[in-house]
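Student: One structure coming up, written as structure tokens, with questions to follow.
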Amino acid sequence: MEAPIQPPPPGSGERRAAVRAWIVAAGIAAALLGSQAVLDAALNPYILQILVYVGINITLAVSLNLINGYTGQFSLGHAGFMALGAYTSAALTFYLGAFADRAFGGVPGAQTILFVLALVAGGVVAAMAGLLVGIPTLRLRGDYLAIATLGLGEIIRVVILNLDFVGGARGFTGIPERTNLFWVYGVAALTILVVHRLTVSTRGRAFLAIREDETAAEAMGIDTTRYKVTAFVVGAFFAGIGGGLFAHSVTYLHTNTFSFLKSIEFVVMVVLGGMGSITGSVIAAAVLTVLPELLRAAQELRMVIYSLLLIVLMLARPQGLLGTREISVRRIGARLRGRRRAPAA
Amino acid sequence: MALLDILNCTLRFGGLTAVKNFSLALEPGELVGLIGPNGAGKTTIFNLISGVYEPSEGDIRIEGKSVAGMRPSRINRLGVARTFQNIRLFPQLTVLDNVRVAFHTQLRTSLLEAVLDDPAYRSEEAWVEDQAIALLRIFGLDEARGERAGSLPYGEQRRLEIARALATRPRLLLLDEPAAGMNPQEKGELMEMIRWVREHFALTVLVIEHDMSVVMGICERIVVLDYGNVIAAGTPAEIRRDPKVIAAYLGVDAPELPGNDAPGAGR
């Protein structure tokens, strides 16, 4: 080995594999869209609503995991970003809905297109807030960052509370109902895909390196501030979209929903599932959304049991359900077929 | 031109002067040792060169370009890589990922291309992996590539840290006590490896080391530091005979050392 490090080769053809992956994704989307009608008819509204919440919480938990779990920046402001997305998208569909009908009434799906654009706008506004706030606050470490982001979430909430055109203290009513399982799980799948691909890439391993040792990461040429802000912005973007889905599902928004207790709910999902495990966040988001509903039978003891279960879980598995591991379909498949994969190549 | 030029650097923490008027020039290809008793300011000098601290006075230049006040990541881009006295790997990441991360500054594709699974990104990933495994092989760590870095034995962690530093493609390598905690045989192998690596990667090496057999064995030039001051500099043979060095290390009282007014000189 004379020169162990050589320049990278120019991009060679692996386009077919990439195209195949996109076809699979499109197929899944089509299947989801088709099954939506069936599900609407088959499930009662209560279960449907819970499934919507599960999907939204998956989006929020996975996006927060990028910040808290992978990059190791303890943020308590996720509900604030969710609120920004919720109110932004709701205001857009609420005020532009009539206009869209008038201008594009004849175009099929005009309202759906407006809804999607509003979701994206909500995500962008949340991401910009993340960028604006991330640059000064991400210089802080540990507890200080947690407190700063907690303050940020509260500031967002109080500002919205004083905006009269989104209902102010009365709450925002009359938001059109647009969210369905297709959009909820489409967004959740997209969030998972993006966070997964970010964190497995060589460049994206910088996020994990920052969590592991910020000084060493910086010494290896990683601009740690830039990557912390990137994690914050990407996380905030998906939180904003999740907020938009939430707004168009419940059709009524009040700032109390987005208090810091909501942020803590998402942090609990991330910690319980395992910091740095996407599948862990997915499972924890589902369990922690469904569990309180299952415990309704226990009436006034419901939250006591819920809290006790959390304590027991954290005592039994302090690293979270999955730690930093992932459940992978391929690995499970390999195990079922009884052959073992070579150690991570 | 000198690869590294430290010009009259002083670093103060409030009232404490950690490094006083320190100057050092490294020519390309040199292998220089930095020694001195505990607390002499050796690691502080590494932190100054790598950008962890900014000098209170003086300047640091890499190939004539001033780097004082630059972020460590930018200084790394200019070709300075280091290891740490108290090993700082990414313990939860695999051995392979530790090295992979260090290719960061050589990547051409962006995070967006990673998310889109672009073909250019894929071929770059394959390239990084090949290069990383080749580096691990040099250090005898390619078998352990799938293990968590934190679970490696101590000596292998030290080697992995050097491999990771080399992955950033440095011209100047700073090694902070590479032989700490090694047995005599491992030390021998380490010296062999440092020489080999310098040759094959065309490196300039600055090494802090307490173990005199290692320092005297590999360094062509040695700088001795005590209380933030340079007290001696020269070839290993000169340093070995220098009375000030002997005094600093053995604590000889200082009547025969005029001008040594450092506090607590008679330890």
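Student: Hey, what do the phi angles of segment A:173-184 turn into as Karplus ³J(HN,Hα) couplings, whole Hz, using 6.51/-1.76/1.60 and θ = phi - 60°, x for Gly and Pro?
Tutor: 10, x, 6, x, 8, 10, 5, 9, 4, 4, 5, 4
Student: Measure nothing but the geometry: give the 0 to 90° angle between the long axis through the Cα atoms of A:224-250 and the longest principal axis through the Cα atoms of chain A, rounded to 10°.
Tutor: The answer is roughly 30 degrees.
Student: Can I ask one more? Counting each DSSP H run of 4 or more residues in chain B as -39500 (n - 2.57), what helix-only mean residue ellipticity at 222 nm follows after dividing by all residues, to the nearest 500 deg cm²/dmol?
Tutor: Counting only the DSSP helices, I get -11000 deg cm²/dmol.
Student: Further question on the same structure: Just to be sure I understand: of the beta bridges DSSP finds with both ends in the protein assembly as shown, what percent are antiparallel, rounded to 5?
Tutor: Within the protein assembly as shown, antiparallel bridges account for around 55 percent of the total.
Student: Here is a follow-up. Under a Cβ-only charge scheme (Lys and Arg +1, Asp and Glu -1), can you give me the dipole magnitude of the protein assembly as shown about the Cα centre, in debye to the nearest 20?
Tutor: Dipole size: approximately 1500 debye.
Student: Give me the net charge of A:S307's neighbourhood, meaning all other residues with Cβ under 15 Å from the Cβ of A:S307; Lys, Arg count +1, Asp, Glu -1.
Tutor: Around A:S307, the surrounding residues sum to -1.
Student: A further question on this structure: Grab the other residues whose beta carbon is less than 14 angstrom from that of A:T202, score K and R as +1, D and E as -1, and report the net.
Tutor: -1
Student: Continuing with this model, one more query. With a cut-off of 8 Å between alpha carbons and a minimum separation of six or more residues, what is the relative contact order of chain A in percent?
Tutor: Computed value for chain A: 29 percent relative contact order.
Student: Among rounded, prolate and oblate, which fits the protein assembly as shown when a ≥ b ≥ c are the square roots of the eigenvalues of its C-alpha gyration tensor, a/c under 1.5 means rounded, and a/b larger than b/c means prolate?
Tutor: Verdict is prolate for the protein assembly as shown.
Student: How would segment A:207-345 be classified by its alpha-carbon gyration tensor: rounded, prolate or oblate, with rounded meaning a/c under 1.5 and the a/b versus b/c comparison settling the rest?
Tutor: Because a/c hits 1.5 or more and a/b fails to exceed b/c, segment A:207-345 counts as oblate.
Student: May I pose another question? Enumerate the helices in chain B for which the Kyte-Doolittle hydropathy averages -0.5 or more and the C-alpha atoms extend at least 27 Å along the helix's axis, using complete DSSP H runs.
Tutor: Span-like helices in chain B: B:119-138.
Student: A further question on this structure: Would you mind telling me the antiparallel percentage of the DSSP bridges in chain B, rounded to 5?
Tutor: Roughly 55 percent of the beta bridges in chain B run antiparallel, per DSSP.
Student: Still on this structure, I have one more. Take the alpha carbon gyration tensor of chain A, find the square roots of its eigenvalues, order them as a ≥ b ≥ c, and report rounded if a/c is under 1.5; if not, report prolate when a/b exceeds b/c, else oblate.
Tutor: In terms of gyration-tensor shape, rounded.
Student: Counting each DSSP H run of 4 or more residues in chain A as -39500 (n - 2.57), what helix-only mean residue ellipticity at 222 nm follows after dividing by all residues, to the nearest 500 deg cm²/dmol?
Tutor: That comes out to -23500 deg cm²/dmol.
Student: Can you give the FRET efficiency for B:S23 and A:M128, using 1/(1 + (r/R0)^6), R0 = 45 Å, r = Cβ-Cβ distance, to the nearest 0.05?
Tutor: For R0 = 45 Å, the calculated efficiency reads 0.40.
Every read-out reported here was derived from the displayed coordinates using simple, explicitly stated rules and does not represent laboratory data. Since the structure is predicted, the reported quantities are computational estimates derived from the model, not experimental observations. Don't worry about glycine lacking a Cβ; one is built from the backbone with ideal geometry, like all the others, and counts go over all protein chains shown.
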